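Structure, as structure tokens:
The values are calculated or read from the model by the stated rules, or taken from the named source; none is laboratory data. Note that the structure is a prediction, hence the values are computed from the model and not measured. We place every Cβ from the backbone using ideal geometry, glycine too, and count neighbours over all the protein chains shown.
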Amino acid sequence: MADHKIHASAVVEDGAQIGDGVRIGPYCHVGPEVQLAEAVELISHAVIAGRTTIGARTKVFPFASIGHQPQDLKYKGEASTLTIGADCQIREGVTMNPGTAGGRMVTSVGDHCAFLANSHVGHDCRVGNNVIFSNNVMLAGHCDVGDFAIIGGGAAVIQFARVGPHAFVGGMSGLENDLIPYGMALGNRAYLSGLNIVGLQRRGFSREEIHDLRRAYRLLFAAEGTLAERMEDIADEFKDHATVQEILEFIRSGGKRSLCTPRGQSGT
């Protein structure tokens, strides 16, 4: 018999897959197609629904609603999924929705993420590893959020927008364009205010790497020439600099949104 602990008031429906060491607290509800990996903990009053998979050691706090049908009026009951990685914290009142036929059919969240109280991950989103959502963050459908990105309290990200790895969105910002890797966006509507220097320092980037990123940033958003011309120059000058090339590739790959730029400039 599996080594797990389920409170007498919890409802775990037939068919749910419960791993070793799982703890399910009072008044939780786990649906019949849910999979909880080893040592997952549902504190109390948490509801896990739909075709949802939660990775090992992830902890879900009270009143979180995970895996209920997407908030998309076009959803017709298709067998979409939600996958959440290992070692995540999902705090009080967080909501996460599965994918839709109009998107990827899956919403995915990586490992070691923290979603603080009342934050939301919309349908068909793809969230990387080590991502932090502060309280009341609103991530609309079809968004991509890269590894180590941080989104500040009360910020909103429009559907189909991309937030690059190691980027930072300031609290109360409204992001309606793509934010480059390592970039920092502030304001309503959000503008690119520079690089996320504090985040880079915290994660061990060297002074030389940060200096090169700053130089590339200044060149990328200079007044001279077109963005395409500046990108070509930067690609040549920094051809051996992986982080600069990551920014250029992010821009080249494009998406449905324009690029978040400094004030006074327009996106591509």
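Before moving on, here are some points about what is shown:
- Close pairs from the range 4-23: first in the same structural domain as Asp87 (by TED's automatic domain parsing), partner in a loop (DSSP other than H, G, I, E, B) and loosely packed, with under 12 Cβ neighbours inside 10 Å, Cβ under 6 Å, at least 6 apart: Asp20/Ala2; Asp20/Asp3; Gly21/Asp3
- Where Ser193 falls short, out of the listed (1) small (Gly, Ala, Ser); (2) assigned to a loop (DSSP other than H, G, I, E, B); (3) touching a residue at least 40 places away in the same chain (Cβ under 8 Å): (2)
- Being touching a Lys or Arg at 6+ places or on another chain (Cβ under 7 Å) and either part of a loop (DSSP other than H, G, I, E, B) or within 30 Å of Gly153 (Cβ to Cβ) (or both) holds for only one residue in Gly199, Gly225, Gly255, and it is Gly255.
- Scanning the range 227-241 for residues that are among the hydrophobic types (A, V, I, L, M, F, W, C) and either under 16 Å from Arg214 (Cβ atoms) or crowded, with 18+ Cβ neighbours inside 10 Å (or both) returns Met231, Ile234, Phe238.
- Some residue of the range 58-70 being among the basic types (Lys, Arg), in a strand (DSSP E or B) and either under 26 Å from Ser173 (Cβ atoms) or without any contact (Cβ under 8 Å) to a residue 60 or more places away in the chain (or both): yes
- The one condition from (1) among the β-branched types (Val, Ile, Thr); (2) in contact (Cβ under 8 Å) with a residue 60 or more places away in the chain; (3) farther than 17 Å from Gly146 by Cα that Ile247 does not meet is (3).
- Verdict on Met96 being among the hydrophobic types (A, V, I, L, M, F, W, C) and surrounded by fewer than 19 Cβ atoms within 10 Å (Cβ to Cβ): no
- Given (1) within 19 Å of Gly170 (Cβ to Cβ); (2) exposed (fewer than 12 other Cβ atoms within 10 Å of the Cβ), index of the condition Gly199 fails: (2)
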